[in-house]
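The values are calculated or read from the model by the stated rules, or taken from the named source; none is laboratory data. Keep in mind the model is a prediction, meaning the values are calculated, not measured. Don't worry about glycine lacking a Cβ; one is built from the backbone with ideal geometry, like all the others, and counts go over all protein chains shown.
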Amino acid sequence: MASRPIVRAIAVAAVTLVATAGLAAAPPGAAAHGRHHGSPHADRVLSDGVSLYSPGLHTADAARLAAKLVRSGDRATARGVLDMARTPQAVWLTGTAKDAQRDARQVTRRAAARHQVPVLVAYNIPFRDCAQYSAGGATSAAEYADWVRAVARGIGQRRAVVLLEPDGLGIIPFYTPITGSGPEWCQPADADPATAASDRFAMLNDAVDVLEAGSHTDVYLDGTHTGWLGVGDAADRLHKAGVERAAGFFLNVSNYRLTEQQVKYGSWISQCLWYGTNPAEGGWRVGHFDYCGSQYYPADPNDFSTWGLTDQWYVDNLADAANPPSGPEALAHFVVDTSRNGQGPWTPPAGVYPDAQDWCNPPDRGLGLRPTTDTGNPLADAFLWVKTPGESDGECSRGLTDNGGIDPEWGQVDPAAGAWFPAQAADLVRNAVQ
C-alpha cells in the first residue's frame, strides 16, 4: 500500500495539472466500476495516437465557397475552407431507427477500412432541445430505446466514440436541480411533470448500458460548458445518468467557450464526482455534489485569474482529505468540442438587442484546436470537432421582431440549424486559432 505522502503527492500533482477528477458511484443496482475506471488508458477507444475519422462533410459546399473566394482573390481563406472540410469531425445520428442504424454502420465500416476511429453523436432523445432550434427526437421512451439499440447494431463490434445527447443533461424537462432552484424552464406541454425528469435519466442510463456493451464503443455524456451548469449541478446530473459506467463526459458541444477553461471545468467536474461519492469518514460527503467548488465559487466566472481559488478548493478537499484519488485513471475523463472556440465566446454590444443570443451564429469567431488525442492532460481524452464548422446554429433574430427575421450581425436571414452557412464558414477560417 502506498504511503500517505506518496498518495497525496500524486493527487496534488494531478490537481496542478488540472487533472484530478472524480469517479461517480453507480445508481442503485448498478456496478460501481465500469470497464473504464481503474483500467489502463490504452483500453479507451480514444487512446493516445489514434487516428480520427474524417467523414468529408460539406465537401461540395466547401468547394463552391472556395471557388468563390478564389475569384475574389482570397486564396488563403479558400485553402482554409477546403482544409476545414477535410478535418476529422463528428457524424450526427438522427432520424428513424432504420436511418440511424444504416448511418452508424456506414460510418463505422468506412472508418474501420481506414484504420480510424469515428465520432458519432446520438441525438434523438424525446423533447430534444425542449422544442427550440433543434427540436425533434423520439416520441416516447420505448421508441428511444429501440432507436438506441438500432445504433448499437449499426456499430457492431467496430471502434466508435458516441457522444450521447448534447443538451440531454443541460436541458431536462420539469427538472429540479440539486440547488433546489426548480423546476427549470423546460416544461413541454406533452411531457408528464411527475415523470419527465426521471424518464430522462432512465433513458440515458439504458443507452449507456446498451452502447457500452459493444466491446469497442466508448460513450460520453453531456457535461455542458463553463457558461452553463455549475460544477456540482453538472456532476450530480452525470452521476444520475450513469457516467461511472461510461467513458466519461463531453464539454462545449456546439458552443464557443475557450479550451483552457473547459479543461479546468472538466477536471473540477471529475473531482466533484469523486468528492460526492467518497464514503470516507462516515460518508458525510456522499450525495453532496452541491458542496463542490465551481466556476461560480470561490472563483469568479468572469475572471479567469481567480480560477486558481477553485483549484485550491480541490487540493484542500481531495488531495488533503481522506481517501484521495490515486491518480488520473481512477477518475472520470472527458472530451472537449474545439470546433469553433478559437476566439472564445462572443460579447454582444450592450443594450442593442432584446435577446442577443450570444450562442447563435456569433460573428468574428474562429476554428479552435484541431482534433487530437494529444491534449497534454491525462483526463482530457481528446479535443474534437463535434459541431460541424460551417453549419448554422439556427435562424437567429437577436430578439428582433420587426425586421423579417434578418440577423443584424450577418445582414441576412440565417440558414436553418444544421444547414451550410458560407459566410460563417469563411469567418471561422479567417479567425482560426494559430
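Some notes on this structure:
- Meets criteria (of a type outside the set (Val, Ile, Thr) and either in contact (Cβ under 8 Å) with a residue 12 or more places away in the chain or touching a helix residue (DSSP H, G or I) at 6+ places or on another chain (Cβ under 9 Å) (or both)) for residue 282: no
- Qualifying residues in segment 362-388 (those that are surrounded by 24 or more Cβ atoms within 10 Å (Cβ to Cβ) and touching a Leu at 6+ places or on another chain (Cβ under 7 Å)) - the one nearest to residue 56 (Cα to Cα): 386
- Residues of segment 205-232 satisfying the condition of being more than 24 Å from residue 145 (Cβ to Cβ) and surrounded by fewer than 24 Cβ atoms within 10 Å (Cβ to Cβ): 227, 228
- The single condition among (1) closer than 27 Å to residue 45 by Cβ; (2) aliphatic (A, V, I, L, M); (3) touching a helix residue (DSSP H, G or I) at 6+ places or on another chain (Cβ under 7 Å) that residue 161 does not meet is (3).
- Residue match in segment 389-406 (condition: buried (at least 21 other Cβ atoms within 10 Å of the Cβ), free of Cβ contacts under 8 Å to residues at least 60 places away in the same chain, out of contact with any strand residue (DSSP E or B) (no Cβ under 7 Å at 6 or more places or on another chain) and closer than 23 Å to residue 80 by Cα): yes
- Test: residue in segment 137-151 that is part of a strand (DSSP E or B), surrounded by 24 or more Cβ atoms within 10 Å (Cβ to Cβ) and modelled with pLDDT of 95 or more: no
A quick yes/no check of all residues on (1) surrounded by fewer than 24 Cβ atoms within 10 Å (Cβ to Cβ); (2) of a type in the set (Phe, Trp, Tyr); (3) part of a helix (DSSP H, G or I); (4) within 21 Å of the chain's Cα centre (by Cα):
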residue: 250; (1), (2), (3), (4): no, yes, no, yes
residue: 254; (1), (2), (3), (4): yes, no, no, yes
residue: 262; (1), (2), (3), (4): no, no, yes, yes
residue: 266; (1), (2), (3), (4): no, no, yes, yes
residue: 271; (1), (2), (3), (4): no, no, yes, yes
residue: 277; (1), (2), (3), (4): yes, no, no, no
residue: 286; (1), (2), (3), (4): yes, no, no, no
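- Qualifying positions in segment 407-426 - touching a strand residue (DSSP E or B) at 6+ places or on another chain (Cβ under 9 Å) and not in a loop (DSSP other than H, G, I, E, B): 420, 423, 424, 425
- Given (1) in contact (Cβ under 8 Å) with a residue 60 or more places away in the chain; (2) surrounded by 21 or more Cβ atoms within 10 Å (Cβ to Cβ), number of the condition residue 433 does not satisfy: (2)
- Cβ pairs under 8 Å, 6+ apart, first in segment 162-187 and buried (at least 21 other Cβ atoms within 10 Å of the Cβ) and of a type in the set (S, T, N, Q), second outside any loop (DSSP other than H, G, I, E, B) and modelled with pLDDT of 95 or more: none
- Residue selected from segment 316-354 under the condition among the aliphatic types (A, V, I, L, M) and crowded, with 20+ Cβ neighbours inside 10 Å, by the criterion farthest from residue 242 (Cα to Cα): 319
- Within segment 295-325, the residues that satisfy the criterion of being aromatic (Phe, Trp, Tyr) and assigned to a loop (DSSP other than H, G, I, E, B) are 296, 297, 307.
- Positions within segment 155-192 being small (Gly, Ala, Ser) and farther than 30 Å from residue 216 by Cα, in sequence order: 180, 181, 182, 189, 191
Matching residues to (1) more than 30 Å from residue 154 (Cα to Cα); (2) of a type in the set (A, V, I, L, M, F, W, C); (3) part of a helix (DSSP H, G or I):
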site	(1), (2), (3)
188	yes, no, no
193	yes, no, no
197	no, yes, yes
201	no, yes, yes
204	no, yes, yes
215	no, no, no
238	no, yes, yes
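- Meets criteria (closer than 17 Å to residue 387 by Cα and either charged (D, E, K, R) or without any contact (Cβ under 8 Å) to a residue 12 or more places away in the chain (or both)) for residue 337: yes
- Condition check for residue 180: within 30 Å of residue 106 (Cβ to Cβ), assigned to a loop (DSSP other than H, G, I, E, B) and not basic (Lys, Arg): no
- Complete set of residues in segment 326-383 that are modelled with pLDDT of 95 or more, not hydroxyl-bearing (Ser, Thr, Tyr) and not in a loop (DSSP other than H, G, I, E, B): 333, 334, 335, 336, 337, 380, 381, 382, 383
- Yes/no for residue 308 being surrounded by 19 or more Cβ atoms within 10 Å (Cβ to Cβ) and more than 21 Å from residue 365 (Cβ to Cβ): no
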